[in-house]
Each structure stands twice: as C-alpha cells, then as structure tokens.
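Taken together, the values in this text are just the output of simple stated rules run on the coordinates, not laboratory data. In this text the structure is predicted, and so the values were computed from the model without any measurement. Here the Cβ is made from the backbone with ideal geometry for all residues, glycine too, and neighbour counts use every protein chain on show.
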Amino acid sequence: MTEPPEEPAAPEQSDPVTRTGAPAGTDGRNQGPASAVAAKAAGIVPRSVNARAALAGVVVSVLLILAIVLGSRLLHNFDSALLPYAVATVFLAFGVAYRYTVWISAPGARRLLTRGWGSLFSAENFRKAPTALPKMIATYLGFQKFLGARSHARWAAHQLIFWGCILASLITFPLTWGWFTFTSGSGSGPGYEMRIWGFKILGFDSLNILGWLMFHGLDIAAVMVIPGAAYFLWRRMKDRGAITGQRFAYDMVPLLALIVISVTGLLLTFSSLFLHGGGYQFLAILHMVSVVFTLIYIPFGKFFHIVQRPAAVGMQLFKYTGRQDDQVFACRRCEEPIDTGPYVENLRGTMRDLDLGFDAWAEYCPRCKRVLRGSAYLSQVKKGFK
Amino acid sequence: MMGRTIFIDPGRCIGCQACVSACRECDSHRGKSMIHLDYTDEGSSVASLPTVCMHCEDPVAPCAEVCPADAILVTADGVVQQADTTRCIGCANCVNACPFGVPKIDLQAKLQMKCNLCYDRTAYGLAPMCATVCPTGALFYGTLEELQAERPGVQVADTFVFGESEVRTGVAMVVPADRVQWPVPGGLPVVEINGKDVRR
C-alpha cells in the first residue's frame with residue numbers, strides 16, 4: 001500500500017492543534033495530547049508554561065555560550081569556520097530546553113519525573129537495589145533490549161545509528177565549541193597532541209593506527225549510520241505496518257537527513273584523499289546545511305525521542321522500587337495483578353490532575369472493565385437482536 | 001452528529017471471533033488482533049461483547065492525556081492512533097486509564113498497541129476489517145443514516161457514563177430508539193447484575 005489518498009489523509013497531516021489543542025509549533029507529529037489537554041480550555045499551551053519554557057531555553061543557551069567561550073579559552077581555540085555549527089548547537093540547546101519544559105509540564109510526565117527521581121534518591125533504593133539504575137540504563141538506553149523484542153533487524157539498525165551518532169556527537173560537539181584542539185610541531189608524524197580546554201590529554205603519532213582512528217572517527221560514524229538509516233528508509237517504503245499513518249516530515253526527513261550528513265561527510269574525506277579537494281567547497285556547504293538543519297530539527301520532530309527515552313528508566317525504576325516492597329495492586333474484581341500500588345495511585349493522581357473523573361476505574365483490570373460494561377449494557381440497555 | 005464510524009450492537013454479536021481474526025489483517029498491527037471479544041456472563045449466557053477503540057472525543061482520548069511520553073496521536077479526523085513506536089516507554093498508563101479497557105501492551109517490546117480504526121483502510125474510504133467480516137452486523141461501519149436505512153427503528157448512543165463523568169466517543173453503540181437520550185452505562189460501579197454480586 002502506498003501513501004493514503006490526498007483527501008482523507010489531508011486532515012491527519014494538517015495541523016492537529018485544532019482538535020487536541022496541542023502546543024503549536026512544538027512538534028509536527030504529536031499533538032502532545034497530554035500537554036494539550038492540560039491546556040484544552042485555552043486551546044494552547046498555557047502562557048505560564050510557555051514563559052517558563054522560554055526562560056529555560058534562554059538560560060540553557062546562555063550557559064552553553066558561556067561554556068563555549070570559557071572552554072575555548074576565551075575563543076582563542078575557537079575555529080571560526082565552524083561557527084554555523086556552534087550557532088546551531090545554541091539553537092539546539094534552546095529548543096531542547098524549551099520543548100523539555102513544555103513536555104514535563106504535562107501532568108503525566110511531571111508525575112513520572114517526580115516519582116522516577118524520587119525512587120532514585122530514596123534511601124531504600126540505594127539499600128535494596130543499588131545496581132538497578134546502572135542495569136536499567138544499560139538495558140534501556142545503551143543496548144535497547146526492547147527493540148530486539150520488536151524485531152532483531154530494527155534493533156541492529158538502531159544500534160548502528162545510535163552508536164554512530166554518539167561517536168559523531170562526541171567528536172563534533174567539542175570541536176565546534178573549540179574545546180578540542182589538535183597541535184603538532186611538524187604537521188605530520190610524531191608529536192601530535194590532543195588538548196581539551198587547553199589541557200593536554202593525549203599525545204600520538206598521526207601516522208599510526210591511533211592517529212588514523214582519530215582523524216577518521218567521523219568517517220567511521222558515517223559508515224555505521226548509513227546502513228542503519230538505509231534499512232529504516234527501506235522499511236518505511238516496504239513494511240506495510242510502518243507505512244500506515246507515516247508522514248514524510250516526521251518519519252522520512254530524519255532518515256534522509258542522517259543519510260545526507262553521512263554521505264556528504266564521507267565524500268569530503270574522499271575529495272581530500274583522492275580528488276585533491278575537488279568539489280570540497282560544495283560538499284562542505286551541503287554537509288553544513290544538513291547538519292545545521294538536523295540539529296535544529298531535533299527538538300521538534302522524531303528525534304525528540306532521544307530526549308524522552310530516558311523517561312523509560314525513571315518509569316522502570318519507579319515500578320521496580322514498588323515491586324521490591326511487594327506492593328502489587330490487584331484488580332478489585334478478579335484479583336489479577338494490575339501493577340504496583342504506587343503506580344496505580346500515581347495514575348489515579350494523574351487522572352485527577354486532568355479532571356478525568358473516572359480514576360476509580362484504574363483499580364480494575366481492562367478485561368473486568370469490559371465485562372462489567374457488557375453486563376451493564378445487557379441488563380440495562382438492550383438484550384438480543386432488534 | 002457523527003460521520004462514518006463503527007456502530008457496535010452487542011445484541012447481534014454471536015461471539016464467532018470473525019472480527020478477532022480479521023483484525024489481524026490490519027496493516028498497522030499486522031498479525032496481532034486488537035479486538036477484544038468478551039463473554040460477559042460466561043456459563044450462564046451466550047452474550048458476548050466486541051470491543052474496539054471507542055476513539056474518545058470528550059474528554060479527548062484519556063489514553064493520550066495520561067501518556068507521559070506524548071506518544072499517542074489524535075488525528076484531526078478523530079482517530080486515536082496507537083502509540084508512536086519511538087516514544088512509547090511501555091508504562092501502561094493508557095492501558096489502565098482507558099475506561100473501556102482497550103489498549104494492549106507488550107511489556108517486552110515496551111510498546112502499546114490498540115485499534116486504529118483500520119487507518120490503512122478507512123483513510124481510503126474502506127470499512128475496517130472487523131466490520132467487513134462481521135456476519136451479523138454487530139459491527140457496522142457507515143453513517144448513522146446508512147445504519148438506520150438498514151435497521152429501521154434503531155438509534156445509537158455515543159455517550160457513556162462512568163460514575164459522575166460522561167465520555168463522548170467517536171464510535172457509537174446501538175440502543176433502543178426510546179432510550180437514545182440515555183447515555184450508555186460504563187459498567188462501574190456496578191454492584192449487582194441479576195442478583196449476583198459482580199464485584200468479585
């Protein structure tokens with residue numbers, strides 16, 4: 001099946017703000033129902049949340065600029081050729097802080113954040129499960145085991161993209177901020193020095209394997225990202241489940257951006273090694289434009305899941321802590337376990353925050369809710385064929 | 001009132017599971033059925049109830065409202081879609097907050113899934129898989145006028161009572177014509193049905 005036809009699909013692709021009252025301009029994909037509903041009366045994100053988010057964005061941006069100035073030894077080590085990248089990271093910092101603040105202002109996220117951190121810093125957690133957090137970080141954030149349960153191919157492709165992007169970020173961010181400097185007396189051969197904030201960290205021979213790895217770190221990252229992103233792009237064109245409901249701006253653009261960044265990055269190396277710099281300037285501009293676009297896109301599109309995903313660890317820790325105390329909550333009707341007691345109480349609190357006046361229903365398992373509704377329909381509304 | 005949607009008539013359901021089988025063919029969750037078919041008074045009655053996502057309109061999608069990861073999309077045409085795979089953290093808030101007991105969760109994959117109103121089909125004007133195969137019309141897809149043309153004298157209710165709250169939905173249930181103004185009971189807190197305590 002290809003793209004849905006224009007007419008029926010159009011409403012879905014149009015700005016859903018009208019329906020959900022989601023924060024305008026925050027995200028092309030999600031209409032942020034949680035945030036939206038908190039603000040449904042106004043139809044927009046409350047002014048106070050917007051103001052707080054903007055303030056958070058400004059503070060984080062200013063802190064980053066200060067870190068750039070100080071880390072580059074008062075711009076002494078700052079490479080002006082990388083200025084567009086550095087400016088983009090400041091926009092990125094603003095966007096992430098803004099979006100993050102809006103996100104955690106919604107009742108569901110705010111409560112989860114509070115309970116997650118509360119679990120982490122509880123004395124009980126340190127005493128009973130001191131290794132739980134590192135294990136969960138490795139499982140959910142590092143190795144992303146849950147993706148393997150969805151599909152091994154998706155897990156492998158995502159791991160390639162994930163570690164490739166981590167590697168690229170560890171190299172490029174400090175470089176663009178002027179935190180890294182590489183110096184050599186001779187320009188090649190022994191005596192190369194890597195410095196961070198002006199302090200010597202590593203001395204190496206630029207012609208040995210370490211030197212090769214240091215200078216080709218971004219090429220290695222690109223070689224990892226390209227097959228991963230290509231697999232997902234192929235999947236978005238072939239997998240019927242993935243195609244259902246996908247949108248170009250939300251699902252395709254991020255993959256295309258990763259591929260363009262990686263391919264142009266590799267071509268820059270190819271140009272300098274084999275073409276004597278032929279086409280280098282054009283490629284450099286294309287590479288820069290794609291990177292800047294991607295950095296600015298991160299807070300407002302699919303890549304925002306990078307920022308959100310750690311919430312999975314907080315949620316797991318919260319539930320894990322409850323299970324340690326054997327606080328399992330059973331369905332009031334069938335006594336099948338629903339979740340931990342603190343989790344159910346937290347959910348009921350979220351529902352009360354949202355003025356969902358049926359939070360007591362959370363104490364029944366899904367099947368019992370359906371059966372009771374069916375029984376009520378049968379006895380009070382309609383029985384049999386008519 | 002409402003446009004093309006699903007109308008559920010439990011009185012016609014014979015519990016044949018055809019909808020459950022057909023639901024597996026929906027592309028958005030291929031191979032897994034998202035329909036619940038419950039036998040509400042098993043052992044005493046053959047009554048059964050098919051449950052699809054009711055696509056709540058007011059309050060809009062409680063599942064999405066309680067989601068801490070902003071993962072559940074509500075499209076402009078009123079379809080509450082299953083969780084975005086990149087965002088869903090598998091917390092099960094949606095599962096336990098839904099008053100209709102609809103969303104399912106895969107705890108290994110950390111992923112919520114639910115009925116998407118066969119968005120791959122309804123976006124093209126086709127009926128959802130469940131309504132296509134239902135042999136008795138317990139699941140009917142179309143407009144209210146089309147339903148009434150086929151079944152003179154029926155009315156539908158799109159409002160459900162849960163305690164002191166009402167939930168208006170995009171999917172409706174068939175009710176006797178003289179009770180159309182009466183919102184459908186959500187089921188809780190029900191203490192007794194036919195003299196039997198149903199709380200336990």
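Key figures
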| item | result |
| --- | --- |
| Failed item, numbered, when B:GLU42 is tested on (1) within 11 Å of another protein chain (Cβ to nearest Cβ); (2) over 30 Å from A:THR350 (Cα atoms); (3) within 15 Å of the chain's Cα centre (by Cα); (4) not basic (Lys, Arg) | (3) |
| Single match in B:PRO50, B:PRO99, B:PRO135 (criterion: closer than 30 Å to A:SER379 by Cβ, assigned to a loop (DSSP other than H, G, I, E, B) and in contact with a Pro (Cβ under 8 Å, 6 or more places away or on another chain)) | B:PRO99 |
| Within segment A:260-282, tally of residues that are assigned to a helix (DSSP H, G or I) and over 22 Å from A:GLY228 (Cβ atoms) | 7 |
| Criterion: out of contact with any Lys or Arg (no Cβ under 7 Å at 6 or more places or on another chain), more than 30 Å from A:PHE303 (Cβ to Cβ) and buried (at least 20 other Cβ atoms within 10 Å of the Cβ) - qualifying residue of B:PHE140, B:PHE100 | B:PHE140 |
| Those residues of segment B:16-26 which are surrounded by 17 or more Cβ atoms within 10 Å (Cβ to Cβ), over 23 Å from B:GLN155 (Cβ atoms) and in contact with a strand residue (DSSP E or B) (Cβ under 7 Å, 6 or more places away or on another chain), in sequence order | B:VAL20 |
| Members of segment A:291-330 found to be assigned to a helix (DSSP H, G or I) and under 11 Å from the mean Cα position of the chain (by Cα), listed by number | A:ILE298, A:PRO299, A:PHE300, A:LYS302, A:PHE303, A:PHE304, A:HIS305, A:ILE306, A:VAL307, A:GLN308, A:ALA311 |
| Pairs where the first residue, in segment A:79-101, is crowded, with 19+ Cβ neighbours inside 10 Å and the second is among the hydrophobic types (A, V, I, L, M, F, W, C) and outside any helix (DSSP H, G or I), C-beta under 7 Å, 6+ apart | A:ALA86/A:TRP177 |
| Any hit, segment B:109-118, residues being at positive phi, out of contact with any Lys or Arg (no Cβ under 7 Å at 6 or more places or on another chain), in contact (Cβ under 8 Å) with a residue 24 or more places away in the chain and at the interface with chain A (Cβ under 10 Å from one of its Cβ atoms) | yes |
| Whichever residue in segment B:53-84 is part of a strand (DSSP E or B) and within 8 Å of chain A (Cβ to nearest Cβ) and, among such residues, is farthest from B:LEU107 (Cα to Cα) | B:VAL60 |
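The rows are residues; the columns are (1) among the hydroxyl-bearing types (Ser, Thr, Tyr); (2) touching a Lys or Arg at 6+ places or on another chain (Cβ under 7 Å); (3) more than 14 Å from chain B (Cβ to nearest Cβ); (4) within 27 Å of A:LYS319 (Cβ to Cβ).
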site: A:ARG127; (1), (2), (3), (4): no, no, yes, yes
site: A:ALA132; (1), (2), (3), (4): no, no, yes, yes
site: A:LEU141; (1), (2), (3), (4): no, yes, no, yes
site: A:ALA149; (1), (2), (3), (4): no, no, no, yes
site: A:ALA157; (1), (2), (3), (4): no, no, no, no
site: A:ALA168; (1), (2), (3), (4): no, no, yes, no
site: A:PRO174; (1), (2), (3), (4): no, no, yes, no
site: A:THR181; (1), (2), (3), (4): yes, yes, yes, no
site: A:GLY191; (1), (2), (3), (4): no, no, yes, no
